[in-house]
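What follows is one structure encoded as structure tokens, with my remarks underneath.
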Amino acid sequence: MRSEVGHAERGGHFFHFRKGDTDIELYDIQEDVIGRVANLKALLAFIRHVSGQAYSESMWRRCQEFNLRTD
């Protein structure tokens, strides 16, 4: 996912999601779960945040958790 505006060589966002038993799992290209969100509303907040459509302090914190993973 990448905004249409910005430098041509900028990065983008690549993630998958699937319905878990009680939440929505976010996973990477190797299909390792990197995080979870509680529901569709939270997933939409995540997508809006990472795509630059709507800043969310709580999603910024979640993204920091994902970005700073060491496992």
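The values are calculated or read from the model by the stated rules, or taken from the named source; none is laboratory data. Just so it is clear, the model here is predicted, and its values are computed rather than measured. Cβ atoms come from the backbone with ideal geometry, glycine included; neighbour counts cover every protein chain shown.
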All positions within the range 41-66 that are surrounded by 13 or more Cβ atoms within 10 Å (Cβ to Cβ), farther than 12 Å from Ile24 by Cβ, free of Cβ contacts under 8 Å to residues at least 12 places away in the same chain and of a type in the set (A, V, I, L, M, F, W, C): none
Among the residues of the range 30-71, which ones are at pLDDT below 90, aliphatic (A, V, I, L, M) and touching a strand residue (DSSP E or B) at 6+ places or on another chain (Cβ under 8 Å)? Val33, Ile34
Assess whether Gly12 counts as being closer than 20 Å to Leu68 by Cα, at pLDDT 75 or above and not in a helix (DSSP H, G or I). no
Listed by first then second residue, the pairs whose first member lies in the range 16-37 and is touching a residue at least 12 places away in the same chain (Cβ under 8 Å), whose partner is of a type in the set (Lys, Arg) and assigned to a strand (DSSP E or B), with beta carbons under 8 Å and at least 6 positions apart or on separate chains, are Gly20/Arg36; Asp23/Arg36; Ile24/Arg18; Ile24/Arg36; Leu26/Arg36; Tyr27/Arg18
Kindly provide the set of residues from the range 35-60 that are under 11 Å from the mean Cα position of the chain (by Cα) and farther than 16 Å from His16 by Cα, ordered by number. Met59, Trp60
